[in-house]
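The values are calculated or read from the model by the stated rules, or taken from the named source; none is laboratory data. Just so you know, these numbers come straight off a predicted model, no measurement behind them. Here Cβ is always computed from backbone atoms with ideal geometry, including for glycine, and neighbour counts include all displayed protein chains.
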There are 4 protein chains.
Amino acid sequence: MEIDLNADVGEGFGAWSMGDDAGLLRVVTSANVACGFHAGDPSVIDRTVGLAVRACVAVGAHPSHFDLRGFGRRNMVVDPAEAEADVLYQVGSVAGFARAHGSRLTHVKPHGALYNQAAADEALAAAVARGVARFDSGLVLVGLASSATLRRAAESQGLRFAGEAFADRRYEPDGTLVPRSAEGAVIVDPAQAALQAVRLAEKHEVLTRGGAVVSLRAETLCVHGDTPGAPALARAVRDALETAGIAVRALGP
Amino acid sequence: MEIDLNADVGEGFGAWSMGDDAGLLRVVTSANVACGFHAGDPSVIDRTVGLAVRACVAVGAHPSHFDLRGFGRRNMVVDPAEAEADVLYQVGSVAGFARAHGSRLTHVKPHGALYNQAAADEALAAAVARGVARFDSGLVLVGLASSATLRRAAESQGLRFAGEAFADRRYEPDGTLVPRSAEGAVIVDPAQAALQAVRLAEKHEVLTRGGAVVSLRAETLCVHGDTPGAPALARAVRDALETAGIAVRALGP
Amino acid sequence: MEIDLNADVGEGFGAWSMGDDAGLLRVVTSANVACGFHAGDPSVIDRTVGLAVRACVAVGAHPSHFDLRGFGRRNMVVDPAEAEADVLYQVGSVAGFARAHGSRLTHVKPHGALYNQAAADEALAAAVARGVARFDSGLVLVGLASSATLRRAAESQGLRFAGEAFADRRYEPDGTLVPRSAEGAVIVDPAQAALQAVRLAEKHEVLTRGGAVVSLRAETLCVHGDTPGAPALARAVRDALETAGIAVRALGP
Amino acid sequence: MEIDLNADVGEGFGAWSMGDDAGLLRVVTSANVACGFHAGDPSVIDRTVGLAVRACVAVGAHPSHFDLRGFGRRNMVVDPAEAEADVLYQVGSVAGFARAHGSRLTHVKPHGALYNQAAADEALAAAVARGVARFDSGLVLVGLASSATLRRAAESQGLRFAGEAFADRRYEPDGTLVPRSAEGAVIVDPAQAALQAVRLAEKHEVLTRGGAVVSLRAETLCVHGDTPGAPALARAVRDALETAGIAVRALGP
C-alpha cells in the first residue's frame, strides 16, 4: 500500500508571505506551487521550486483563475478557451522553473475556485485537462477524489488522474467537503488528522460529519499549509501512515 | 548574405487589441510574443503563437518588467534576482504555448524598458541572460546591436547573441536610437525604411540623423507593428532585401 | 417629456484605447466613467472627466468587479461586503477627479457583470446601493430599467434610482436584453436605434425580438461607444428625440 | 511643544495581512492608509479607516506607484502627469472611505519609492503636490523633513507641508536615512527609539550613525508597523514624549 502526501506552497506574493513552506517541504512528497495568478510572483516561485527540488519533493503546478485580490477562491464564469489558455500559461511558467532547477514537473492541481468548479462543470473540466495535456500528456492531473467529471476529462485527454482527499478537512455524506465557513470544517488536531489519513489510505473510506462512513478512494492526501502548526500536523500524518505500513511516495512513474 | 526580419506581436490584452499581427506574420521571419507582463494575456498568447507557427515564423518570447499600466516602457530599479526570475517565468510560459502548437521557442528579446536598461546596466544584463540560460542555453538572446554589455552577458552564459537594428527608426551618431519623442524618430515611409534595411544588411552601416554614416552590424531587423501601415512597410522592407539578393531567414540553427 | 442620453467612456487603459470618447461627449448628456477596475487608469480618468466637464456632460462613476483581464464582463461570486467596498472605492476615486475639474459626481452606473448580477441578486444589489449611499446619498443609481431588485435596493438606501434602456440593443419579451452572442442583439442602423429611442421615451415601450411590444419605463437611454460609428448613431438618436419634442437632459436635480 | 505620531497602516491585500494595525491605532495620532497601489484592497481600506476613525486617529492617504509586486518600493521613471493622476486617484478613493465613516482626510504621505523620489526630483514633487492640491488644498502634505524640494512644491500649491522624521531609523550626517540594507539601519530597541523621538521633538536634532548631531525639524514622527513589536515600540515612544511634556497630537487645524 502507498499514498502521496501533498501541500500547496509558494503562496506568498511580493512583500507578503504565507505558511511555512520550508517546514512542509521536509514532510510532504509532492508540492503544488502557486503560479502567479492567485499567489506566487516569479521570485517566490523560483525560491519555492528550489526548496522543493532540494528536498526531493515532486514539483507540480497549482494554477488558478486570474484573481490575486480573491486568492483564487471566487467562483467565476470563464470562457473554457480562456481557462484552457490560463492553465497552459501557468503550467508552462512553473515547468520552466522546475527545468531551471534541474528537475521536471510531475503533476498539476487546480487551485481554489478553479478546483471546485472543474470538479462539477464538464466544459471547465475539459478545458483544464486540455490546458494540461497540450503542455505534456505525461503529467498527472490531481483533483477532488469524488469528482467523476474531472476524472473523465483527464482520461479523455490521455492524462492520468489522481484523486485527492484531505487529511485535515471534514467530509459530508456525499463525499464533498464541509464548507470552510461551517464549524468543525477543518481538523486541527494532528492525531485526528492522522487517523483520518490512515483510514483513507488503508480502507479507502472516511468518517463523515454525521457519523456515517463513506467510501473514498484517493491516491494523494492534502495537508493545508496556511495554519501555524501545519508542519507538525503533516508530520503526525506522515508518521501515522508509515507506522501503519503505508509507503508515502510521490505520484508519477 | 542573410538577415532575420522580426516584429513584436501579441500586444493586446483582454478586450484591447493592438497592431495587425496576422498581417505582419505573413511578412516577418521571427515573432517576439508578449508574455503577459506588459501585454498579452494567455488567450492572446495562445492565438498569437498559433498564428506564428502556422505562418512558419520563428517564435520568441518578449519579456518585460511587470508593468501593464506603463506597457513596460517605464524604466524601473529592480533587483537583478527579481528580473532574472521574471524573465524565466515569461520565457517558460511562452515556451509552453510554442510546445502546445507543435513548435519550440527559438529566441528571447526583452521589451521596452527592460531592453533599454539591459543594454546599459551590467547587473541587469547578466540577470536577463541568466533567466534565459537557466531555461535553455540553446536560445538566442536578441538585443540592441550596439550594446556590448548585453552581448557579453549573453556570451558569458553560453547564449548566442543576435544584435538587432531597426528598419524604421532613425539613429544617433553613437549608434543609439533617436528618442521617440524627437521629430523624425520613426521612419514612416516604406521606401526609406527599405533603403535603411538594405544598407544595414549589405554594408553593416546606417545613415544617422546628422547625415554621418556609422557602422552597425545586425543579425536581425525589427519592423514595428503598432502603426496602421505596418504590414505594408514590412513588406516593402522584405521585398527590397530580397531584390538586393539578401536571404530573409529566421535566426536559429 | 424628457430623457437622459448616456454613454460609457474612458474605457482605455495604459497604451490601449477604446471608443471615440471625444465624439460621444459632444452628443450625450451623461458620461459613465470607467474607474480602473475593468478599464480606465488614473491618467485616462483624468483626461475623460476633463473632456466631460468641458462638454457640460454630467459625470458618473462606472464601477466594476476587479477584472481587467475580463473587462469586467465575467460574472463572479463576490462577498457582498467586498462588492460594497469596491463600489465605494471606485466612486470615491472618480468623484475626486470630478472635484479636481471643478465639477461633481451626479450618478453611478455599475458595469458589465456587476450591472447584470446586481439586477438579479438581492444581496449584491444591496451591497452596490450601500457602497454608493455611504459615499453620497444624493447620487442617482442607474440600473436595468426592468430590475425591481436594484430599484428596491437603491430606494431602501435613500438613493434615487434611474432605470436605463438601450437604444441600440434588441430586447426579449421579458424586458431583458437579447444576449450579445445572439444574432441581431446589437442594433447598428442609426435610424432603427433612433426609432427605438423615441418609442422608449414617448411611449415607454419597446418592440421585442419576437415582434411583441412590451412596456419599459426608462429615465436614461444608453448608446454604446465601442463601435466605430458610435458618435453618428448617438447623434441620430439625439436628433430624433429632439425632433419628437423630447428634451434630452441629464439626470440630477 | 507638540508633535504628531504617525504610522503606515492597511498594508495587507486580499488573503495577506501585514502588521498589527489595531495595536498601532491605539497609540498613534495619525494613520497613513495604503490606497490599493502598493497594498490595501478596498475591503482592507474600509476596515482600516473604520478602525482609525473609531480610535480618533487622523486619517491620511498613503499613495504609491502602481506596484503591488514591489510593494511600491521600486524607484521608477514615471511621467509627472501620470504620477499626478495616480496621487489624485488614490487620495480620492481613501477620502471616500473617510467620508463614509463620518470623518474626513487630514493629510497625504507618499509611500516608498514615490516618497523618496519626490524628496529629490522637482518635477515629481510638483506632480505629487498638484495631485493633492487638485483634490483639496486644505490637506497637509507629509514628506521627508530634510527635503526642501517637496516642501517648496507643497507650498507653491498652497498646501501646508509637514516634515517627517523617524523614531526608529538611523540617520546619516546629511539628514537622510541609513539605507535599510545597512546594519543598524532600523532601531529595534524601544528605549533608544524613545530617546531619539524626544530629542527630535525637544531639540530638533538627531544623533547620526557617525556620532555627530545634526539639526532636523520635524512636525510628525513615524513609527514603522511592519515588525512584531511595533505597538510596544510606538507606546514607548509616546510615553517618553508625554513624560517629557510634549503633547502628542495630530496635524491639522
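Details
- The range D:52-66, residues that are in contact with a strand residue (DSSP E or B) (Cβ under 8 Å, 6 or more places away or on another chain) and surrounded by fewer than 24 Cβ atoms within 10 Å (Cβ to Cβ): D:53
- The C-beta contact set for the range B:4-19 (first residue over 14 Å from residue B:112 (Cβ atoms), second residue among the aromatic types (Phe, Trp, Tyr) and outside any strand (DSSP E or B), distance under 9 angstrom, 6+ apart or interchain) comprises B:14/C:71; B:15/C:71; B:16/C:71.
Per-residue answers, yes or no, for (1) touching a residue at least 60 places away in the same chain (Cβ under 8 Å); (2) part of a strand (DSSP E or B); (3) aromatic (Phe, Trp, Tyr); (4) touching a Leu at 6+ places or on another chain (Cβ under 6 Å):
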residue	(1), (2), (3), (4)
A:38	yes, no, no, no
A:43	no, no, no, no
A:50	no, no, no, no
A:60	yes, yes, no, no
A:84	no, no, no, no
A:92	no, no, no, no
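- Number of residues in the range A:193-216 that are basic (Lys, Arg) and either modelled with pLDDT of 95 or more or in a strand (DSSP E or B) (or both) equals 2.
- Number of residues in the range A:1-53 that are within 13 Å of chain D (Cβ to nearest Cβ) and either farther than 20 Å from residue A:90 by Cα or not aromatic (Phe, Trp, Tyr) (or both): the value is 19.
- The number of residues in the range C:138-155 that are hydrophobic (A, V, I, L, M, F, W, C) and over 15 Å from the mean Cα position of the chain (by Cα) comes to 3.
- The set of residues in the range C:233-253 that are modelled with pLDDT of 95 or more and not hydrophobic (A, V, I, L, M, F, W, C) comprises C:235, C:238, C:239, C:242, C:243, C:245, C:249.
- If you check C:125, C:119, C:95 for being within 17 Å of the chain's Cα centre (by Cα) and within 14 Å of chain D (Cβ to nearest Cβ), only one passes: C:95.
- Sole exception among (1) crowded, with 22+ Cβ neighbours inside 10 Å; (2) of a type outside the set (S, T, N, Q); (3) facing chain B (nearest Cβ under 7 Å) for residue A:69, by number: (3)
- Single match in C:194, C:212, C:230 (criterion: under 25 Å from residue C:141 (Cβ atoms) and aliphatic (A, V, I, L, M)): C:230
- If the condition is being within 20 Å of residue D:219 (Cα to Cα) and either within 12 Å of chain C (Cβ to nearest Cβ) or aliphatic (A, V, I, L, M) (or both), then the range D:98-113 contributes D:105, D:108.
- Any hit, the range B:84-99, residues being at pLDDT 95 or above, in contact with a Lys or Arg (Cβ under 9 Å, 6 or more places away or on another chain), surrounded by fewer than 20 Cβ atoms within 10 Å (Cβ to Cβ) and under 30 Å from residue A:39 (Cβ atoms): yes
- Taking (1) of a type outside the set (Gly, Ala, Ser); (2) over 28 Å from residue C:34 (Cα atoms); (3) crowded, with 21+ Cβ neighbours inside 10 Å in turn, residue C:214 satisfies each apart from (3).
- Of C:69, C:47, all but one fail to be more than 18 Å from residue D:13 (Cβ to Cβ) and basic (Lys, Arg); the exception is C:47.
- Residue selected from the range B:72-82 under the condition within 7 Å of another protein chain (Cβ to nearest Cβ) and assigned to a loop (DSSP other than H, G, I, E, B), by the criterion nearest to residue A:61 (Cα to Cα): B:78
- Of the residues in the range C:165-176, not one is surrounded by 15 or more Cβ atoms within 10 Å (Cβ to Cβ) and part of a helix (DSSP H, G or I).
- Within the range B:191-205, the presence of a residue that is among the acidic types (Asp, Glu) and surrounded by 20 or more Cβ atoms within 10 Å (Cβ to Cβ) is excluded.
- Test set (1) within 20 Å of residue C:171 (Cβ to Cβ); (2) part of a helix (DSSP H, G or I) - residue C:239 fails condition number: (1)
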